[in-house]
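The block underneath contains the structure these notes are about, expressed in structure tokens.
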Amino acid sequence: MANLNTYPVAIPSLVARHPALAPLAATFPLLNNSEPANTPLRPAAVHEARLITTVLHASHGLGYPQRAVTTTILDEAHTRQTIIETIHGADTHLGGFANVLAIALNAVIAPQITILTATIARNHALQFNALAENYGHPFRGIPKTVPGSGNVLATTVAPGGVPLPPATNGVVNTVCPLLLGSTTATISAFTHAQILVLIEYYNEAFGVVPGDSTAQRRTKILNWVRFGG
């Protein structure tokens, strides 16, 4: 059963997510810290997360090493610190309550952590995608960040005569298979039906409105994959 004394989800190390930090981790090994899901809370984890954020800010200001500490990494360090503080704060203030409260709290915290993680991953993908094709790379898949199905949105913008795909409910922090390995050429060939699949999966309209032509819809999807909208 859920327990406030354990981590409800895995919290990866910053080095695992950003290998460019490995040189800095050689002298500051806390960057290798991770907290596996369902393992006991470590009392030192909050202090260590705060220290990591402080050191990364200093390293960013110094441009060390090779400007590997980007603003994206700083944002993720802050988010990671907030997640750890939130989990440990719940244990400190609510640990004496019944286990049913622990289950309820985990039900609230875990989805929010997943959405935060997906949002960070999406920002990384967008930074890559903005320049990907300049270097001959396909786009990175954009993770889903909005929970639920976009069936209602798809119904609203579906052109006459185009059947709706089966209702889907994509999982937060996963990528729709249609976008895996995608390029400008593949997105520019999407059909109305494929675009509706994306809308249902991501629960986002991408700026598509009723009356948009196929070409307009493709352009809006492409801008979303490259720049987030």
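Looking only at residues of the stretch 200-229 that are in contact with a Phe, Trp or Tyr (Cβ under 7 Å, 6 or more places away or on another chain) and hydrophobic (A, V, I, L, M, F, W, C), we find that the one that is farthest from ALA125 (Cα to Cα) is PHE206. Just one of the listed residues (LEU51, LEU62, LEU74) is surrounded by 14 or more Cβ atoms within 10 Å (Cβ to Cβ) and modelled with pLDDT under 90, and it is LEU74. Residues of the stretch 146-181 that are of a type in the set (Ser, Thr, Tyr) and either touching a residue at least 60 places away in the same chain (Cβ under 8 Å) or touching a Leu at 6+ places or on another chain (Cβ under 9 Å) (or both): THR155 alone.
So that you can scan it fast, the table gives a plain yes or no per residue for (1) at pLDDT 90 or above; (2) touching a helix residue (DSSP H, G or I) at 6+ places or on another chain (Cβ under 6 Å); (3) part of a helix (DSSP H, G or I); (4) crowded, with 17+ Cβ neighbours inside 10 Å:
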site	(1), (2), (3), (4)
ALA104	no, no, yes, no
ALA110	no, no, yes, no
HIS124	no, no, yes, yes
ASN129	yes, yes, yes, yes
HIS137	yes, no, no, no
ILE142	yes, yes, no, yes
ALA154	yes, yes, yes, yes
PRO163	no, no, no, no
ASN169	no, no, no, no
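When the criteria are applied in full, LEU21 meets the requirement of being at pLDDT 85 or above and closer than 22 Å to PHE128 by Cα. Looking only at the stretch 13-33, residues that are surrounded by 14 or more Cβ atoms within 10 Å (Cβ to Cβ) and under 21 Å from the mean Cα position of the chain (by Cα) come to 10 in all. Please specify each residue of the stretch 206-229 satisfying the condition of being crowded, with 16+ Cβ neighbours inside 10 Å and among the aliphatic types (A, V, I, L, M). Those that are crowded, with 16+ Cβ neighbours inside 10 Å and among the aliphatic types (A, V, I, L, M): VAL208, ILE221, LEU222, VAL225. Number of residues in the stretch 174-183 that are part of a helix (DSSP H, G or I) and either modelled with pLDDT of 95 or more or crowded, with 19+ Cβ neighbours inside 10 Å (or both): the value is 1.
Can you pull out the residues in the stretch 184-205 that are exposed (fewer than 15 other Cβ atoms within 10 Å of the Cβ) and in a loop (DSSP other than H, G, I, E, B)? Within the stretch 184-205, SER188, ALA189, THR191 qualify.
The values are calculated or read from the model by the stated rules, or taken from the named source; none is laboratory data. Every value quoted in this text rests on a predicted model; they were computed, and no experiment measured them. A quick note on method: Cβ atoms are made from the backbone with ideal geometry, for glycine too, and the neighbour counts reach across all protein chains shown.
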